[in-house]
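Here's the structure, in structure tokens; my notes come after.
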Amino acid sequence: MAKLKIEAQQEERRAEREAKQAEAERAAKQIEAERAGAAAESALAEKKLLLAHELRLKELDLKAKQSESSNNGGSILTGPAGEKRVRIPKNVVPSFVVGDDIDKWLAAYEVALRAHEVPEGQWGVAMWGYVPPLGRETLLTLDQPDQNTYPLQKATLLAKFRLTP
């Protein structure tokens, strides 16, 4: 009788161990499934962000192309009222982009204006159409009469972007 009782207890313990092991396996499978689901969600979210970024780049590219096509015939007029005004096609000089070499850009700007026979006295007026907002803010720090004086504009932009002539 005692022997049967011990065997029954052993059988009961074995059944409990098997139940616990089966429960642990189910929990592990559930955690693995949750991780796989989270990984899939993360991959999906990452893919959505990538697609949104690509869409934004394409929109910007399209906007730039539309702007470029509408500006192909555009021009910048220089010269105060009453003086000879010169038309400079907008695509002659690339606009300055912060981070570009300002020295090289200024040299290209001068070459282009000479090639289009823009009088040097009008170079300062034309400058406003080619500098980014940060450059315009910098030029606005000049006194009112000097804001359209090319040599002063050039020196100010070189100083702003930490280069010297």
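Some observations on this one:
- Selection count, the stretch 129-165, where residues are among the aliphatic types (A, V, I, L, M) and not in a helix (DSSP H, G or I): 4
- Residue in the stretch 115-129 that is β-branched (Val, Ile, Thr), more than 15 Å from Ile102 (Cα to Cα) and open to solvent by 80 Å² or more (accessible area, probe 1.4 Å) present: no
- When we screen Ala126, Ala112 for residues that are touching a strand residue (DSSP E or B) at 6+ places or on another chain (Cβ under 7 Å), under 28 Å from Ala64 (Cα atoms) and in a helix (DSSP H, G or I), the only hit is Ala126.
- Applying the condition of being touching a helix residue (DSSP H, G or I) at 6+ places or on another chain (Cβ under 8 Å) and open to solvent by 10 Å² or more (accessible area, probe 1.4 Å) to the stretch 135-145 and asking which residue is nearest to Asn91 (Cα to Cα) yields Thr138.
- Failed item, numbered, when Glu68 is tested on (1) in a helix (DSSP H, G or I); (2) surrounded by fewer than 18 Cβ atoms within 10 Å (Cβ to Cβ); (3) at pLDDT 85 or above: (3)
The values are calculated or read from the model by the stated rules, or taken from the named source; none is laboratory data. These numbers were taken from a predicted model, which means no experiment stands behind them. Neighbour counts run over all protein chains shown; Cβ positions are idealised from the backbone, glycine included. Side chains are part of the model used for accessible areas, which takes the heavy atoms of the whole protein and leaves out ligands, DNA and RNA. Shrake-Rupley method; radii C 1.70, N 1.55, O 1.52, S 1.80 Å.
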